[in-house]
Amino acid sequence: MNLNLRHAIIQNVTGNTQDELKDTIVDAISNGEEKMLPGLGVLFEVIWQNASQEDQQEMLEMLESGLKG
């Protein structure tokens, strides 16, 4: 991903409240538009980088469980 796009996405949501961040995530998911995927990826990157090892493990378990169909 282009670093400028990553920076622009982060800059766009920096300072948002938790409600605003949630609205951004829910809107991106509910729209189902592929153009929103890079933004969600950047947000996940921020979450991952700021999560403890235990939180990362929990996310991996949730992801694995969600992908089992």
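So here's what we get for this one:
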{"quantity": "Boolean, residue 25 is touching a Gly at 6+ places or on another chain (Cβ under 8 Å) and free of Cβ contacts under 8 Å to residues at least 40 places away in the same chain", "calculated": "no"}
{"quantity": "Counted residues, the stretch 1-52 - those being of a type in the set (A, V, I, L, M, F, W, C), more than 11 Å from the chain's Cα centre (by Cα) and assigned to a helix (DSSP H, G or I)", "calculated": "4"}
{"quantity": "Candidates 66, 32, 15, filtered to the one that is at pLDDT below 95 and of a type in the set (Gly, Ala, Ser)", "calculated": "32"}
{"quantity": "Answer residue from the stretch 31-69, given it is surrounded by 10 or more Cβ atoms within 10 Å (Cβ to Cβ) and of a type in the set (Gly, Ala, Ser) and is farthest from residue 13 (Cα to Cα) among those", "calculated": "51"}
{"quantity": "Residues that are more than 16 Å from residue 47 (Cα to Cα) and without any contact (Cβ under 8 Å) to a residue 12 or more places away in the chain, drawn from the stretch 1-11", "calculated": "2, 3, 4, 8"}
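The values are calculated or read from the model by the stated rules, or taken from the named source; none is laboratory data. Quick caveat, the model's predicted, so the values are computed rather than measured. Virtual Cβ from ideal backbone geometry, glycine too; neighbours counted across all protein chains shown.
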